[in-house]
Each structure stands twice: as C-alpha cells, then as structure tokens.
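These notes are about the structure you will find just below.
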Ligand SMILES: CCCn1cc(-c2nc(Nc3ccc(C(=O)NC)cc3)nc3[nH]ccc23)cn1
C-alpha cells in the first residue's frame, strides 16, 4: 500500500484541543491549542486564529499573506483547519510562549535594558523591511502585535490588516472603516485613508515609543495624545490638528536623544521625508555596535 502522503499544513478539528484564550480583537480571537493526532497528549502546541463569521473572507486573505512570508522575525504559518464543509476556517500558527510585547515588557522591565529594547526594535525593522520587500503594507504595527519568542527574539505576530499593494500602486486605500488603531496612524492615513509603506514607518515610531516606555499604560499613546486634545474628547480631527501643529509624543524617560531623534524621523509629516526601514536598521545597528562603545546611547 503506497505510504499515505499527509499534508502537514492540513489540521483536523477532531485533533485540536483548546487549552486557553491568547488574544481577542475586533477580528475574532486567538486560542492556544494542542494538536494531538496520536492522542498521546504529546502533540505540538499551536496558536489558532478564528474570525467572526462576517469577516471570514478576510481570514483567507490573511492566510494567503502568511503562507508567502518566510522571515526570522515573522511568526510562522503552520496551516489551516477547515471545519465541515469549510464553513469556518482557522489559521494555525506557531505558538510563542511569552506573548506580545504588551504582555511581556511591563513584567520584565528590570531585566530588559536599553540595549535589549533596541535589539527588539532592530528585529521589528528587519521583519518590516522584509514585509515591504514582498510589497505588503502591515497597517497595524504596534507593540500588541509583536510577539516574544524568548528574551532575545521577537516576531511580528498578526497580519489582520495587512494589504498587498496593487502592481501599479505605491499605496493602499482603505475601503472599510474598521475600528482602526488611530494613535498608530500617520496623518495621510487619517486624512486621506491612504497607506504607504512609509505609513508603517510612522507606526514603527509609535511602537519604538512603546518599547522605550516598557508599554506602561500611564504613558501609552492614547493618554499622551488625549491630554493634548482640549476637553479630552477624542475625535480624529482633533488628533489630526495636534499632528498638523507638529505636536508629537514626548521623549520617554531615560530615552537617549539619539533614539528619540529616530522616533522623530519616523514622524515626519510627509511620507517621503520619513526614514525608511532599511535606514532604521543601519542606524539601530550603529547604536548597538560595540565598536562605538555604546557612546551613541549616552542618555
Ligand atoms: C496580536 C493580536 C492577535 N494575537 C496573536 C496572539 C498570539 N499569541 C501567542 N502567544 C501568547 C499570547 C499571549 C500570552 C499571555 O500570557 N498573555 C497574557 C502568552 C502567549 N502566540 C501566537 N502565535 C501566533 C499568534 C499568537 C495573541 N493575540
């Protein structure tokens, strides 16, 4: 009898055992499951993403996106699990035990020095530079979407809003208005609903701010912008006014000037003036480079 060829990317519902919820969003949810086809309790742990039925079409776009991405700093696609008749499909990914930067950093503040924060920043840029090279725009880069594999490796862990640019376009125009992460959005996204690769650089700048503040909720972007908006009533137009007036998130406590100036170069008003991921990689490597005796990090 010919050996039965098993496609390792096809997961059967009957062997998926739910262990706990990992994350919830407007999209749906991500659960920790054990995939145990042998039934010996030694199956692998996987992260399983399922969407609310109305956004099921979106999940297939996310699956097709993840299938094509291979990079050390992008969470690995494992496969799909289709319930009976493909009514509900689930995306199977590698499970990262330490959770997102938002789960991890506040608890590990004292074991995470500036050098390690910048190493995380470098890895995020490497993942994003690769994503851009595949002509994808992420549109939701934030600390909550960066997962921690271990204390030396982080990966971009969610592609729910990622879009590929049409061949003739150099940006993506938002059709549906989902409850968007406006505090990570560049002005052109808020005003014109246009997303350039440079829009992801803006979001990286906000993510770098989150890193340097260890994702402390007291100083998280929404609080910092809200107290800049008169009356605290947050309307997108108020946020746009604050940004158009040149206001930006403040330099985090103990953040070296060299690092804050990188953030500011991510927050140039016009997309074409912003630093690019490949240059952020160079700058971060310089700051991290021993040869410079870390003098670039003089606070
Ligand atoms: C980012 C928004 C969507 N999302 C993705 C995930 C996810 N989480 C994890 N691991 C994880 C998460 C949380 C915790 C925890 O203890 N929290 C208090 C521990 C481990 N591995 C993943 N692989 C692929 C996706 C994914 C969770 N939410």
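No value in this document is a laboratory result; all are computed from the given coordinates. Note that the structure is predicted; figures quoted are calculated from it, not measured. Ideal geometry is used to build each Cβ from the backbone, glycine not excepted, and the neighbour counts take in all protein chains shown.
Test of understanding: ordering 128, 224 by Cβ neighbours within 10 Å, fewest first, what list do you get?
224, 128
Taking the DSSP beta bridges in the range 59-174 as the whole, what percent of them are antiparallel, to the nearest 5? Don't jump to the answer; show the numbers that get you there.
Working: 12 of 13 bridges.
The antiparallel fraction comes to roughly 90 percent.
Find the centroid of the Cα atoms in the range 9-36 and in the range 46-75, then give the distance between the two in whole Å.
Distance between centres, Cα-based: 13 Å.
Under the rule a/c < 1.5 gives rounded, and otherwise a/b versus b/c splits prolate from oblate, where does the range 97-201 land using the Cα gyration tensor?
The shape class here is prolate.
Rank these for me by crowding, 13, 89, going from fewest to most other beta carbons within 10 Å.
With the fewest neighbours first, 13, 89 line up as 13, 89.
Under the rule of -39500 (n - 2.57) per DSSP H run of 4 or more residues, summed and divided by the residues of the chain, what mean residue ellipticity at 222 nm is obtained, to the nearest 500 deg cm²/dmol?
Only helices count here, giving -9500 deg cm²/dmol.
Exposure proxy check: 255, 193 ranked by fewest other beta carbons within 10 Å?
193, 255
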